[in-house]
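Peer 1: I have a structure here, written as structure tokens, and I will follow up with some questions on it.
The values are calculated or read from the model by the stated rules, or taken from the named source; none is laboratory data. As the structure is a computational prediction, the values presented were derived from the model and not from experiment. Every residue, glycine among them, receives a Cβ derived from its backbone with ideal geometry; neighbour counts consider all protein chains shown. Calculation scope for accessible area: heavy atoms of the full protein, side chains included, ligands and nucleic acids excluded. Shrake-Rupley method; radii C 1.70, N 1.55, O 1.52, S 1.80 Å.
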Amino acid sequence: MSLSLKKLAGETIIYGASTMVGRLLNWLLMPFYIRTLTTIEYGVVVNFYGVISVLLVVLTYGLETGFFRFSGKGYNENVIFKTLVSLLGVTSGTFILVGIFFYDLFSVSFYGGEHSLSILLVFIVLGIDSFSSLPFARLRLQNRPVKFGLIKLVNIGVNIFFNLFFLLILPYLIKNQLVNQNIATFYSQFNGVFFVFLSNALSSVVTLVFLLPQVYHLKTIVDFKVIKPVLIYSLPVLFVGITGMLTQNIDKILLPVLLSDEGFSQLAVYGANFKIGILMSLFTQSFRFSFEPFFFKNKGRGKQVYAEVMNYFIFFGLVIFLGVTLFIDVINVVLTSEYIQGNSIIPIVLISLLFYGIYFNLSLWYKLTDRTWVGTIFGTVGAVITIGLNIFLVPSMGIVGSAVALSCGYFVMMILSGYFGKRYYPVPYRIKLYLFYFLMAGLIFWTDTVVIIHDDFFSYLFKAVIFALFIGSFFVIRRYDKSKID
């Protein structure tokens, strides 16, 4: 493996380790929530986080990628950062003010007048997190994954602490009459949804405190001339992000509407099983954190490197897919009986997220050639397909329809980016080898579904053997592969 690939792998591991530990800790909130919240409350939580994912992209409007693109490219990195973070501070602060004045209106318009204070907290979380995105991006640009990871872990640790306090410890104290009656009365006025987002808001505030020194200790000017070229470059990235987040989260927004009375309860089942796909999400996100700065810094270095990155990415993504699906009954211990019924969506969700990761990998061609507007088209196509299929499939297929819609949307985006990338920025991707990995993974997955072994020991032994066969095949191929980078 080349030195640049080793560096990319090392940073991916560091980002991945911090992200994985943090996300796994955060992931443990899911089994906690499904045991402390009603299915309707957890459905609302999933719905709110779906909306947050989309709006967070809107509120950062592509400035992270713009910051990477222009820092050091004829512009002073400190000036770029100070200017963009000031702009982001204005827009994030304005968004919080909108929430303060209109949270009741949003509650009446979209949730029948319920969860009004929770909606206000969502505005606060979005405003703070959008502002924090650029200081986090600067840590990535400066190759400081350790500090990046530690602050992320603090954020998640604080969030978990307050969730445990509000949803477990305080109810226990109230139940056993160990707190003042006034506190108990005040607590009873709010539901679980409110305390989930109060915990999130408090963790966002703590994170902001750790990041603010980056802004206040920076003694430089704000250059308004910088804003125009950055926005021209970044706005297409914004639309790419919006369509991408819509594709990934429209199911969580539409399911309550499409399934009417059982909407939030079914969304809870869908959301809990979607969370099982966290390992794929962790892998693709940690890769994204390290890969985006990597390919900007290595622009023009050699397209063979990008092809080799894709080779590793697809293989390890399929390792995660098989690891989760082969041993799903072990993972199911975190779910309760009413949530296990949604297991059928897990393989579809995993492969969907892998498609998205491949699409992100392929997207380097339009970013490196400054054709970011192309990503807008791909994202729009994916979003339209996903939204359309949700509307068409969910009434008849339920939550499985949402998973299928997501998979189709990402698949089409991946194919489109690969096809046009070959024309405008040809990279020697080894399509036949990648297809072989998918074929072998699919064969192993199918074998596991048709071979039923009732004895647990031999069943797990069989799963472990076929899983090892897939991993071993990669190393055999690598040994005799003359095109690999050493």
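Peer 1: So what's the projected area for region 353-438, the Cα convex hull averaged over all directions, in nm²? Intermediate results must be reported in sequence, preceding the final value.
Peer 2: Details: hull surface 23.5 nm².
Over all viewing directions, region 353-438 projects a mean Cα-hull area of 5.9 nm².
Peer 1: Roughly how large, in nm² to one decimal, is the mean projection of the convex hull of the alpha-carbon atoms in region 335-486?
Peer 2: Working: hull surface 49.7 nm².
Result: a mean projected hull area of 12.4 nm².
Peer 1: Along the Cα→Cβ direction, 7 angstrom out, place labels at Asn76 and Val90. What is the inter-label distance in nm?
Peer 2: Those two pseudo-labels are separated by 2.0 nm.
Peer 1: Over region 142-213, what lengths in whole Å, largest first, do the semi-axes of the equivalent ellipsoid take, defined as the square roots of 5 times the eigenvalues of the alpha-carbon gyration tensor?
Peer 2: On the way: eigenvalues 203, 24, 17 Å².
Working through the eigenvalues yields semi-axes of 32, 11, 9 Å.
Peer 1: Can you give me the accessible area per residue for region 157-248, using a 1.4 Å probe, in Å²? Each step should come with its number before you reach the end.
Peer 2: On the way: 5060 Å² over 92 residues.
Per-residue accessible area for region 157-248 comes out at 55 Å².
Peer 1: Would you mind pulling out the separation of the Cα centroids of region 45-74 and region 113-158, in Å?
Peer 2: 11
Peer 1: Given Cα pairs under 8 Å that are at least 6 residues apart, what percent is the relative contact order of the chain?
Peer 2: It comes to 22 percent, rounded to a whole number.
Peer 1: What Kirkwood hydrodynamic radius do you get for the chain when you take the inverse of the mean 1/r over all pairs of distinct Cα atoms, in Å? List each step's numbers first, then the result.
Peer 2: Numbers: mean 1/r = 0.0419 Å⁻¹.
Kirkwood radius, the chain: 23.9 Å.
Peer 1: Separate question: Just the number, please: carbon plus sulfur as a percent of the accessible area of region 357-426, 1.4 Å probe, no ligands or DNA/RNA counted.
Peer 2: Details: 2050 of 2740 Å².
Reported share for carbon and sulfur atoms: 75 percent.
Peer 1: Could you give the length gained by full extension between Met440 and Ile169, i.e. 0.36 nm per residue of separation minus their alpha carbon distance, to one decimal place? All intermediate terms of the calculation are to be shown ahead of the outcome.
Peer 2: Details: separation 271, 0.36 × 271 = 97.56 nm, distance 4.82 nm.
Net length gain for the segment: 92.7 nm.
Peer 1: Further question: Roughly how large, in nm² to one decimal, is the mean projection of the convex hull of the alpha-carbon atoms in region 103-149?
Peer 2: On the way: hull surface 15.8 nm².
Mean projected area of the Cα convex hull: 4.0 nm².
Peer 1: Which residue, chosen from Phe458, Ala403, Gly342, occupies the Cα position most advanced towards the positive end of the dipole of region 328-486, where the dipole is computed from +1 (Lys, Arg) and -1 (Asp, Glu) charges on Cβ about the Cα centre?
Peer 2: Highest projection toward the positive end goes to Ala403.
Peer 1: In the chain, which whole DSSP H runs stretch at least 27 Å along their own axis (Cα) and average 1.6 or higher on the Kyte-Doolittle scale? Provide the component values of the computation, followed by the final result.
Peer 2: On the way: long enough: 3-27 (34 Å, 0.48); 39-60 (32 Å, 1.82); 77-111 (44 Å, 1.34); 116-141 (38 Å, 1.55); 145-164 (28 Å, 1.26); 192-216 (36 Å, 1.75); 227-258 (41 Å, 1.35); 278-297 (29 Å, 0.68); 303-326 (35 Å, 1.40); 372-397 (37 Å, 1.56); 399-424 (38 Å, 1.09); 431-450 (28 Å, 1.39); 456-479 (34 Å, 1.38).
Taking the DSSP H segments of the chain (at least 27 Å long, mean hydropathy at least 1.6), we get 39-60, 192-216.
Peer 1: Something else now. In nm, what is the difference between 0.36 nm times the number of residues separating Ser473 and Val154 and their Cα-Cα distance?
Peer 2: Values: separation 319, 0.36 × 319 = 114.84 nm, distance 3.94 nm.
Gain on stretching Ser473 to Val154: 110.9 nm.
Peer 1: Here is a further query. Taking R0 as 30 Å, what's the FRET efficiency between Phe210 and Tyr424 from their Cβ-Cβ distance, rounded to 0.05? Write out the running numbers ahead of the final one.
Peer 2: Details: r = 41 Å, r/R0 = 1.37.
Once rounded, the FRET efficiency stands at 0.15.
Peer 1: Now a separate question. Note down the nm distance, to one decimal, between modelled labels 7 Å out along Cα→Cβ at Thr449 and at Ile100.
Peer 2: About 5.4 nm, to one decimal.
Peer 1: In terms of the Cα gyration tensor, with a ≥ b ≥ c the square roots of its eigenvalues, is region 130-184 rounded because a/c is under 1.5, prolate because a/b exceeds b/c, or oblate? Don't skip to the answer; put the middle values down first.
Peer 2: Numbers: a/c = 6.54, a/b = 3.61, b/c = 1.81.
Note, shape of region 130-184 comes out prolate.
Peer 1: Which order do peptides 346-353, 145-152 fall in by mean Cβ count within 10 Å, highest first? Spell out each step's value before the answer.
Peer 2: Details: 346-353: 23.1, 145-152: 18.5.
Put in order of decreasing packing, that is 346-353, 145-152.
Peer 1: Return an integer: the convex hull volume of the alpha-carbon atoms of region 190-246, in Å³ per residue. Kindly include the intermediate steps, with their values, before the conclusion.
Peer 2: Details: hull volume 7.7 nm³, N = 57.
Considering the Cα atoms of region 190-246, their hull volume per residue is 136 Å³.
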